[in-house]
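S.K.: Following this message is one structure expressed as structure tokens.
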Amino acid sequence: MTHKPYAHSMSRRAALGGFAALTAGVLARPAFAAAPLSVVATTGMIADAPREVGGDAVTVKALMGPGVDPHSYRQTRSDIVAMTRADAVLWHGLYLEAQMEEFFHTLARQRQVFAVAEALPKEQLLAHADYENRYDPHVWMAPELFTGVVTEIGRVLGEVRPEMADVFAANAQAYAARLGELDVYARHTLEQVPPEQRVLLTAHDAFGYFGRAYGFEVIGIQGISTESEAGLHRVSALVDTIVTRGLSAVFVESSVSDRNMRALVEGAAARGHDVRVGGELFSDAMGQDGTYEGTYIGMIDHNVTTIARALGADVPAGGMSGQLNQGA
């Protein structure tokens, strides 16, 4: 009798039908899972979100590490190779990566490229007099606002891999809930700062959204971009502000030179006023990789706790969950 492979295959499939039905709940994962989605992101803050939203289904490479200033960063040859090979490229937008904008627009003609912060409604953004038709890009300084960026990242990952869109959306929602808890901690902690001390003087104007969210006056030596220079007149005027208002602390930033801040402290001392550096804040970059401060939540926890303690609040050194300065 002539062998009929198709008929044999069908009968074998039927014989296995009952077994497949019995094991469906156990073998929920496909036999050959898709390879992880390859994502390249510019800043640490943008890279941290797809790690949370994607979990094991994504691999994420951040172009800019701790201490790197995104305002002046230019893509390297290895960056270009990584981005052209990635399944998705996430950049912040809002003119944060000013030196890379043209490259991203060119790359978008060939690859899936998303400026994730530009999905935020314009009415939620802070305009700036120095930059016509542009907005303050430092939206991550307010967790409630940054939640919108997380939601957008969940959406674009689902666009690139539609079969996992529901999973990414659910993970983004869960992560947003954690950011809500971070925001509650920040509000409770910063409310303990005496009202007259709620002035945040930093290296550049990166904390506008922080100030709006938590009721702080924010003063930067440089403008919203570190590319702007602070002249002698600006430094002298800020020394006047420190002395006349009796400010007790100013703050340096991990990604900006502390040269101008030292000039402020020395200028105030020359006029008989003692102002100290209240700590180093993370502004445009997160902490070291593998540490709590090297995550977005840890970054904001560090900033909130450092600012509150330096300006007179009685808060635990370990921050929101006791993890500050204790590594990963």
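The values are calculated or read from the model by the stated rules, or taken from the named source; none is laboratory data. The shown structure was predicted, so the numbers you read here are calculated from the model rather than taken from an experiment. Ideal geometry is used to build each Cβ from the backbone, glycine not excepted, and the neighbour counts take in all protein chains shown. Quick note on the areas: whole protein, heavy atoms, side chains included, nothing else; ligands and nucleic acids left out. Shrake-Rupley method; radii C 1.70, N 1.55, O 1.52, S 1.80 Å.
S.K.: Among Val149, Val40, Val81, which one shows the highest mean-square fluctuation when the chain is modelled as a Gaussian network with alpha-carbon springs under 10 Å?
M.R.: For the chain, modelled as a Gaussian network with Cα springs under 10 Å, the answer is Val81.
S.K.: In a GNM of the chain with a 10 Å cut-off on Cα contacts, which of Thr202, Thr244, Thr306 has the highest mean-square fluctuation?
M.R.: Thr244
S.K.: Which of Phe103, Ala170, Ile219 sits farthest toward the positive end of the charge dipole of the chain, with +1 on the Cβ of Lys and Arg and -1 on the Cβ of Asp and Glu?
M.R.: Most positive-ward Cα: Ala170.
S.K.: Hey, what did the chain get for relative contact order, percent, Cα under 8 Å, at least 6 apart? The partial results should precede the final answer.
M.R.: Details: 539 pairs, mean separation 53.1, N = 328.
It rounds to 16 percent for the chain.
S.K.: While we're on this one: Toward the positive end of the charge dipole of the stretch 99-168, about the Cα centre and with charges on Cβ (Lys, Arg +1; Asp, Glu -1), which of Ala117, Gly158, Ala127 goes farthest?
M.R.: It is Gly158, whose Cα lies furthest towards the positive end.
S.K.: Please report, as a whole percent, how much of the solvent-accessible surface of the stretch 184-328 comes from carbon and sulfur atoms (probe radius 1.4 Å).
M.R.: 49
S.K.: Okay, moving on. Step through the residues of the stretch 105-115 one at a time and calculate ³J(HN,Hα) from phi using the Karplus curve (6.51 cos²θ - 1.76 cosθ + 1.60, θ = phi - 60°), rounding each to whole Hz and writing x for Gly and Pro.
M.R.: Per-residue couplings from phi come out as 5, 5, 4, 5, 6, 10, 10, 8, 10, 9, 8 Hz.
S.K.: Sticking with this structure for a sec: Treating the beta-carbon of each Lys and Arg as +1 and of each Asp and Glu as -1, no other charges, what is the dipole magnitude of the stretch 258-326 about its Cα centre, to the nearest 20 debye?
M.R.: 260
S.K.: Okay, moving on. Per residue, how many Å² of accessible area does the stretch 148-246 show with a 1.4 Å probe?
M.R.: 45
S.K.: Whose amide H sits under 5 Å from the amide H of Glu253, counting only residues 5 or more places off or on another chain, with H placed in the peptide plane?
M.R.: Ala203, Leu281
S.K.: Stokes-Einstein at 20 °C, 1.002 mPa s, Kirkwood radius from Cα pairs: D for the stretch 69-119 in µm² s⁻¹?
M.R.: 193
S.K.: Using amide H atoms built in the peptide plane, which far-off residues or other-chain residues are under 5 Å from Ala62 H to H?
M.R.: So Ala62 has HN proximity to Ala41.
S.K.: With charges set only on the Cβ (+1 for Lys and Arg, -1 for Asp and Glu), what does the dipole of the stretch 48-154 come to about its Cα centre, in debye to the nearest 20? Provide the component values of the computation, followed by the final result.
M.R.: On the way: 9 positive and 16 negative charges, 103 e Å.
Approximately 500 debye in magnitude.
S.K.: Still on this structure, I have one more. Output the direction-averaged projected area (hull surface divided by four) of the convex hull of the alpha-carbon atoms of the stretch 99-226, in nm². Please report the intermediate quantities before stating the final value.
M.R.: On the way: hull surface 37.9 nm².
Here the figure is 9.5 nm², rounded to one decimal.
S.K.: Positive end of the dipole of the stretch 207-328, charges at C-beta (+1 Lys, Arg; -1 Asp, Glu), about the Cα centre: which of Ala249, Met286, Ala237 has its Cα farthest in that direction?
M.R.: Ala237
S.K.: Given charges of +1 on the Cβ of Lys and Arg and -1 on the Cβ of Asp and Glu, with all other atoms neutral, how large is the dipole of the stretch 169-216 about its Cα centre, in debye to the nearest 20?
M.R.: Computed about the Cα centre, the dipole is about 80 debye.
S.K.: What ³J(HN,Hα) values, in whole Hz, does the Karplus curve 6.51 cos²θ - 1.76 cosθ + 1.60 give for the stretch 140-156 when θ = phi - 60°, with x put for Gly and Pro?
M.R.: 5, 5, 10, x, 4, 6, 5, 4, x, 5, 4, 4, 5, 5, x, 5, 6
S.K.: Could you state the number of Å between the C-alpha centres of the stretch 73-142 and the stretch 250-327?
M.R.: The distance from the Cα centre of the stretch 250-327 to that of the stretch 73-142 comes to 26 Å.
S.K.: Excluding ligands and nucleic acids, what accessible area in Å² is computed for His105 using a 1.4 Å probe, to the nearest 10?
M.R.: Counting only protein heavy atoms, the figure is 110 Å².
S.K.: Another question, if that's okay. In µm²/s, what is D for the chain at 25 °C and 0.890 mPa s, where D = kT/(6 pi eta Rh) by Stokes-Einstein and Rh is the Kirkwood radius from Cα pairs?
M.R.: Numbers: Rh = 22.0 Å.
It comes out at roughly 112 µm²/s.
S.K.: Applying a 10 Å radius around every beta-carbon, put 94-104, 161-171 in order of their mean neighbour count, most first.
M.R.: With the highest mean Cβ count within 10 Å placed first, the list reads 94-104, 161-171.
S.K.: Okay, next question. Of all accessible surface on the stretch 69-122 at a 1.4 Å probe, what whole percent is carbon and sulfur?
M.R.: 44
S.K.: Right, something else. For the stretch 175-328, what relative contact order do you get, as a whole percent, if you take Cα pairs closer than 8 Å and at least 6 residues apart?
M.R.: Answer for the stretch 175-328 is 24 percent.
S.K.: Only bridges whose two residues both fall in the chain count here: according to DSSP, what percent of them are antiparallel, nearest 5?
M.R.: On the way: 2 of 23 bridges.
Among the beta bridges of the chain, antiparallel pairing accounts for roughly 10 percent.
S.K.: Continuing with the same structure: With springs connecting C-alpha atoms under 10 Å apart, model the chain as a Gaussian network and identify which of Gly54, Gly298, Gly318 has the largest mean-square fluctuation.
M.R.: It is Gly318.
S.K.: Next up: Name the long-range amide H neighbours of Leu126: under 5 Å, sequence gap of 5 or more, or other chain; modelled H, no Pro or chain starts.
M.R.: Distant-sequence amide H within range of Leu126: Asp136.
S.K.: Follow-up. Any idea what the relative contact order of the stretch 45-133 is, in percent, if you count C-alpha pairs under 8 Å spaced at least 6 apart? Mind dumping the intermediate values first?
M.R.: Working: 67 pairs, mean separation 22.0, N = 89.
Computed over the stretch 45-133, the figure is 25 percent.
S.K.: Loop-only check: which trypsin sites (Lys or Arg not before Pro) in the stretch 234-305 are DSSP coil with at most 12 other Cβ within 10 angstrom?
M.R.: Those that pass, being in a loop and sparsely packed, are Arg271.
S.K.: When you count, for each residue, the other Cβ atoms within 10 Å and take the mean per peptide, how do 84-93, 308-317, 42-51 rank with the highest first?
M.R.: 42-51, 84-93, 308-317
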